[in-house]
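The structure appears below as structure tokens.
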Amino acid sequence: MKLNMLSSPHSHSQKSLSSLMISVILACIPGLIAMWYFFGYGVFIQLALAIVTAISCEAAVLKLRKRPVLPALKDYSAVLTAVLLALSIPSLAPWWIIVIGTFFAITIVKQLYGGLGFNLFNPAMAAYVLLLISFPVQMTSWLPIETLQTHALSVLDHLWVVFTGFTQNGFSLAQLKLDVDGITMATPLDSLKTDLNKGLTVTESMQQAIFGQFAGLGWQWVNLGFLLGGVYLIKAKVINWHIPVSILASITVCASIGYLISPDQTAGPIFHLLSGATMFAAFFIATDPVSAATTNKGRLIYGALIGLLIYIIRTVGGYPDAVAFAVLLLNMSVPLIDYYTQPRTYGHRNAL
């Protein structure tokens, strides 16, 4: 009898791999809608470019490897990688940014290591780090929310900026980032880190227009959208609760301690939970079944360390948001974590 050796992700659910991938994609919709509402149609342009590039690269590499193309495309793993990467980059980033990133994610990080189940790192985050290090200006060109923009952008304007760098009226992306006072706008995490380095307090920094009651305007709703999608994934048993809960708990504990020690120089836990890509990372990035820890105890350790690294890099590191770096560093640690957190062979009494 011939035995088939299958790689991860292994699922104990009755759902097929393709249905699990589709569930994750659908769970992104609340966060996607929030991003569209606050940052415009560019997010849909990035999604379209990423999906087309991902499918093309996946098919081309599978052809070169003489592997069946259609079954691999039907598992929607390439589409999911494209969606996650597209949601991670600025909505008006040049078209070639998402094309390069998606090519790297699918061709190098995924297929070069053997395809789905063999990649050591999260493909979307590996591509994000490549883009961030290689093209820092383009990867940090987030616009303020539409209510703070001095120039209203139509759908065609978004297309023009993505493909030419200018709107139909000739405004560049740098000009679009200026607020009504002529000051360049940045993300809340960027602004807070810059202001703290200038000697301002957290309270003084948060007087800016880009900050809301709890976190950055727009960003708090984006995070709540991804939180809603994440709760659905847990309820539908697409992902386990261990990783997202441990990430959020770790960030909460670290931010609370930092705030109690130095409230003038450290933002509180709510700000960290609702800023940047916190919820997106906790529910959609870190829970990748291939590159994440596989034991329940290991998942708790894995998530807690990701949360710790996110907080450390945000507060004392060189990057305002640290999700990609934290996830990739813990991806490297997964074999060690899994090795020391294996449940007992019989009974599994030590498993959570």
Can you pull out the residues in the range 185-226 that are within 19 Å of the chain's Cα centre (by Cα) and of a type in the set (Phe, Trp, Tyr)? TRP219, TRP221, PHE226
Against the definition (under 24 Å from PRO123 (Cβ atoms), modelled with pLDDT under 95 and part of a helix (DSSP H, G or I)), how does ALA282 come out, yes or no? no
Condition check: part of a helix (DSSP H, G or I), hydroxyl-bearing (Ser, Thr, Tyr) and at pLDDT 90 or above. Does THR102 satisfy that? yes
Suppose we filter PRO90, PRO71, PRO94 for residues that are without any contact (Cβ under 8 Å) to a residue 24 or more places away in the chain and on the phi < 0 side of the Ramachandran plot; which single one remains? PRO71
Single residue of the range 55-91 satisfying the filter (in contact with a Ser or Thr (Cβ under 7 Å, 6 or more places away or on another chain) and either under 14 Å from GLY114 (Cα atoms) or not charged (D, E, K, R) (or both)) that is surrounded by the most Cβ atoms within 10 Å (Cβ to Cβ): ALA82
Where residues in the range 118-162 are surrounded by 17 or more Cβ atoms within 10 Å (Cβ to Cβ) and among the small types (Gly, Ala, Ser), which of them is nearest to ILE97 (Cα to Cα)? ALA127
Can you tell me how many residues in the range 125-173 are assigned to a loop (DSSP other than H, G, I, E, B) and among the polar types (S, T, N, Q)? 8
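The values are calculated or read from the model by the stated rules, or taken from the named source; none is laboratory data. These numbers were taken from a predicted model, which means no experiment stands behind them. FYI the Cβ positions are ideal-geometry reconstructions off the backbone, even for glycines, and counts take in every protein chain you see.
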